2 protein chains.
Amino acid sequence: MPQSPLTVAELSEAELLTRIFPRLELNAVHSAAVLLGPGDDAAIVAVPDGRTVISIDTQVQDQDFRLQWNNGYRTTGYDVGWKAAAQNLSDINAMGATATTLVVSLTMPADTPVEWIEDLADGLAAAIGKLGAGSCSVAGGDLGRGGELSVTVAVLGTLSGGQPVLRSGATAGDTLAIAGKAGCAAAGLALLESNHPVASLAPELRLFLDLQCRPEPPLDAGPGARTSGATAMMDISDGLVRDGTRLAVASNVVLDLDPGKLKQLAASLRPAAALLGADPLAWVLGGGEDHGLLATFPADIQLPPGFTGIGSVQARGSNEAAGVKIAGRPADSVGWDHFAD
Amino acid sequence: MPQSPLTVAELSEAELLTRIFPRLELNAVHSAAVLLGPGDDAAIVAVPDGRTVISIDTQVQDQDFRLQWNNGYRTTGYDVGWKAAAQNLSDINAMGATATTLVVSLTMPADTPVEWIEDLADGLAAAIGKLGAGSCSVAGGDLGRGGELSVTVAVLGTLSGGQPVLRSGATAGDTLAIAGKAGCAAAGLALLESNHPVASLAPELRLFLDLQCRPEPPLDAGPGARTSGATAMMDISDGLVRDGTRLAVASNVVLDLDPGKLKQLAASLRPAAALLGADPLAWVLGGGEDHGLLATFPADIQLPPGFTGIGSVQARGSNEAAGVKIAGRPADSVGWDHFAD
């Protein structure tokens with residue numbers, strides 16, 4: 001008879017912590033940044049720059065992830081840990097900074113399997129390591145009970161003496177560029193919500209599902225953009241058009257997207273779009289959660305590694321609102337399928 | 001006909017933020033610490049000390065607070081905001097540090113009244129101001145949906161060039177002392193869970209209920225203890241005996257509590273205990289959530305303002321575990337009512 005799995009209700013907080021810490025320690029012990037780790041009321045981390053970049057973000061079950069998707073895929077603890085780390089690391093990346101420290105608060109229903117939480121810790125550690133945030137440590141955290149699974153991560157980062165790249169610095173004449181994936185996580189979401197089970201998916205389609213569950217923000221690109229002279233930057237978490245509009249409004253400019261470049265971005269999404277009868281360009285323009293970077297650069301500089309030009313920054317016309325256009329027409333009035341093949 | 005209240009589902013995130021920011025801005029605009037506030041992917045705060053103390057803590061509906069208590073009291077947004085701030089400020093206080101920065105992540109069911117969230121922001125700001133954390137600012141945050149209300153605060157603090165006070169530094173011969181309230185929040189919890197409605201409570205009893213909902217950690221006492229030479233410190237969030245045991249284990253010593261001092265601490269709780277037929281000493285020894293400080297000091301120094309001696313630190317006898325005693329007998333075997341009048 002199969003034993004029912006050990007749940008978090010059967011362990012004390014201290015017992016659960018002894019299962020989690022070793023999975024996160026790999027980073028902490030190699031980090032000079034953690035001056036005092038878990039065990040006291042707070043941790044202490046080094047901030048040699050004299051300033052710290054800081055952000056906080058929560059993921060909640062049934063809002064930011066489903067434990068069980070329509071196509072049968074079950075979200076793993078590893079997925080949730082990875083995504084929680086990736087989203088927060090991306091916010092630091094979007095400022096042109098490098099993450100140094102995470103603290104994690106985990107809320108768990110009593111019947112959560114301990115193994116699922118261990119898996120979550122593994123996913124956190126793996127994202128930090130594999131996404132290239134090797135100098136980032138988990139300095140501490142908090143465990144508690146709740147009716148639904150929820151993971152909050154607060155993240156610190158360093159600008160290493162440099163200036164942050166804000167949303168507000170784009171100037172007419174700048175080149176608009178993107179780094180990282182665009183539309184892949186949206187394609188993955190559509191697959192998860194479809195009737196196509198994971199086992200039926202070809203590897204090139206399964207990839208999109210993986211990118212929805214474990215996004216891959218381009219963590220080298222943010223600091224690279226900063227040192228290359230990017231004038232504005234943000235991460236794309238709600239979609240190219242929505243986030244682009246935010247950057248355009250903050251900078252009081254118009255971003256004009258090049259339809260040819262958009263089609264190039266959509267090309268790799270076509271097999272998934274064909275399977276689902278979807279428009280790949282809609283994923284490129286509307287899909288979030290890839291945590292790519294949208295940035296603007298002076299037109300006369302070479303784009304740094306990882307960035308591809310996708311348009312230009314234009315001055316706002318008289319009586320024209322700041323926002324996003326595609327080949328000169330407002331993106332929200334165009335209908336994205338207009339550009340689909 | 002009364003109109004139903006505006007809910008968070010009826011506002012965009014941006015609209016909700018415009019209602020929250022002004023309530024928190026009072027601190028931010030007066031703070032030199034916030035170099036970049038909300039509006040980008042992350043905030044930037046000054047850390048002139050070159051190190052930051054950091055902690056994170058979550059409060060969840062029906063776990064850390066009830067929206068409606070047995071005695072009819074309805075927890076306000078103000079209560080929840082206050083308590084979230086107070087708990088986190090206390091973790092910084094417990095290191096001997098001063099809080100500089102909060103970031104807040106708020107998870108809300110769709111039917112949460114907007115007014116409740118505005119009230120929460122007011123409670124956060126009020127706790128920061130009234131508890132004496134005037135140099136602390138809310139630098140940023142995150143809003144999201146969930147099935148239950150949940151507030152996570154991450155807090156940064158500064159040691160102003162000094163050394164932190166850890167749990168592990170107590171030495172035999174030290175004086176054991178406490179700052180802040182002890183047992184008041186536990187008395188308040190017992191009143192909330194009783195059948196005595198708020199309106200029936202005399203002011204001196206209502207006070208305990210208020211201290212459960214809006215605890216008052218002694219935020220001057222932590223840095224004061226540090227500069228006075230405290231050898232060990234922590235905040236009392238789970239009760240004097242449980243938290244004292246943690247400090248004793250970390251320091252590998254025995255803490256011996258003075259029953260006479262405990263009775264003095266219990267004296268103010270007697271009216272509430274009489275009403276409920278409870279043991280006031282059990283509240284002093286077992287009650288958490290007052291967020292008082294437990295600290296040890298060399299015996300030859302004068303205790304800093306706010307601290308009262310409640311016992312002494314002793315070496316562990318052979319075959320004796322580190323832990324808490326009362327007048328030489330293990331606290332967990334004594335039965336707290338033994339000392340009750």
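FYI, it's all coordinate maths here, none of it is from the lab. Fair warning: this is a prediction, and the values are worked out from it, not measured in the lab. We place every Cβ from the backbone using ideal geometry, glycine too, and count neighbours over all the protein chains shown.
Here are some notes:
- Average partner coverage of A:149-161, which counts Cβ from other chains inside 10 Å: 4
- DSSP beta bridge pairing in chain A, given as percent antiparallel to the nearest 5: 75 percent
- Computed over chain A, the ratio Rg/Rh where both radii use C-alpha atoms and Rh is Kirkwood: 1.00
- Cα-only radius of gyration and Dmax that characterise region B:8-158, units Å: 15.0, 49
- All C-alpha pair distances within region A:261-334, sorted into 10 Å bins from zero, spread as 14, 42, 34, 10, 1 percent across the bins.
- Other-copy label distances relative to A:Ala126, 7 angstrom Cα-Cβ extension, nm: 4.7
- Each copy carries a label point for A:Glu10 at 7 Å from Cα along the beta-carbon vector; from one copy to the others these points are 4.8 nm apart, nearest first.
- Calculated FRET efficiency for the pair B:Glu25/A:Ala14, C-beta based, R₀ 35 Å, to 0.05: 0.30
- Residue ranges B:185-197, B:6-18, B:208-220, A:300-312 sort as B:208-220, B:185-197, A:300-312, B:6-18 when ordered by packing (mean number of other C-beta atoms within 10 Å per residue, highest first).
- Shielding score for B:33-41, defined as the mean number of other chain Cβ atoms within 10 Å: 6
- Pairwise alpha-carbon distances in region A:245-292 exceed 12 Å for 69% of all pairs.
- Principal axis dimensions, region A:119-243 - Cα atoms, whole angstrom, descending: 46, 37, 27
- Eligible lysines near B:Lys325 by straight Cα distance, threshold 20 Å, same-chain separation 8 or greater: B:Lys261, B:Lys263
- Based on C-alpha pairs under 8 angstrom that are at least 6 apart in sequence, chain B has a relative contact order of 21 percent.
- Most mobile listed residue (A:Ala221, A:Ala43, A:Ala121) in chain A, GNM with C-alpha springs under 10 Å: A:Ala43
- P(r) tail fraction, region B:167-339 - alpha-carbon pairs more than 25 Å apart, %: 30 percent
- Where both bridge residues fall in the protein assembly as shown, DSSP classifies roughly 75% of the beta bridges as antiparallel.
- Surrounding net charge for B:Gln59, when Lys and Arg each add one and Asp and Glu each subtract one, Cβ distance under 12 Å: -4
- Relative to the dominant Cα principal axis of chain B, helix B:77-93 is inclined by about 50°.
- Within the same chain, lysines fewer than 8 places from A:Lys130 are excluded, and of the rest, those with a Cα less than 20 Å from its Cα are A:Lys83, A:Lys181.
- Sorted largest first, the spans of the alpha carbon positions of the protein assembly as shown along the three principal axes are 85, 60, 51 Å.
- Overall size of region A:198-243 from C-alpha positions, given as principal axis extents largest first: 45, 23, 14 Å.
- For peptide B:139-148, the mean count of partner chain Cβ atoms within 10 Å of a residue's Cβ comes to 6.
- Descending by average beta-carbon neighbour count within 10 Å, the peptides A:33-41, A:85-93, A:229-237 line up as A:85-93, A:229-237, A:33-41, the highest first.
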